[in-house]
Amino acid sequence: MKKLSLTTIALTLILGFSSCTQDDNTILEPTAQDLLKAYKVQRDASGAYSLNYELNDGVASENIKDKITNTNNIYLYSSDYQSRSKMSENLEIEDGQLKIGFKDTNNQRETLITITDKKIVYGKEVNNSIYLDTYSITGNGDGTFNLDFTVKDNVDVSFAFNEDENIYEVHLEEGSGDDGSDFSTVLVKEEGVTLRFDFVNHIVSNTSKETTVEKVPRGSIDTIN
């Protein structure tokens, strides 16, 4: 897997990702009251999404779908009857979005994850991901997130940080693919700021040779206290 450190990206792109340390006061520190330990949202090559999350000891969860907002609200609460700590669910993109809300009933904190994507239409030449094959975003519970992804053959990958919109961008375009197909990097969420990331596909028309940009999938993670 191609490991891309934030320090390397910052040196080469200037606007790259910021490195993080244990003393960085912008990182959200976990508290004793946190019920959620970690979670991962991932999409496989078929376009199917799944959610895996881990609870701390003595915690139970319940997924209640809000049909009005199409949000998978996962309520977390203390319980003496914890059946298991690791949970897994298959989720669906609806109207172009996937919404997950972790609601911690101990500290009334809510983590809202929104993914904007398109369903893969089989038999079509262009699918929802253009150059992206699979990806996952993992919340580590300390304000850091692992973004892991694979791209299709002969795709070049570069990184930038859009300061105007405060978005981490992964740029994908046709090329030699010399860096391989597997990539991993770390994103840092500042307290009180929504974490956003975009996969930016640069698509060259076979006829006009003009380049168009399509941002898909896109993700945002916010914490509401």
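How many percent of the alpha carbon pairs in the range 49-195 exceed a separation of 18 Å?
On the way: 7139 of 10731 pairs.
The share of Cα pairs beyond 18 Å in the range 49-195 comes to 67 percent.
I need the phi-derived Karplus couplings for the range 77-83: 6.51 cos²θ - 1.76 cosθ + 1.60, θ = phi - 60°, integer Hz, Gly and Pro marked x.
8, 5, 8, 7, 10, 5, 7
P(r) tail for the range 165-225, what percent of Cα pairs lie past 17 Å?
Working: 988 of 1830 pairs.
Here the long-distance tail beyond 17 Å is 54 percent of all Cα pairs in the range 165-225.
Quick one: net charge of L51's neighbours, Cβ under 10 Å, K/R +1, D/E -1?
Numbers: positive: K40; negative: E89.
Local charge sum for L51: 0.
Values in this text are rule-based calculations from the coordinates and carry no lab data. Since the structure is predicted, the reported quantities are computational estimates derived from the model, not experimental observations. Methodologically, a virtual Cβ is constructed for each residue, glycine included, from the backbone with ideal geometry; neighbour enumeration extends over all protein chains shown.
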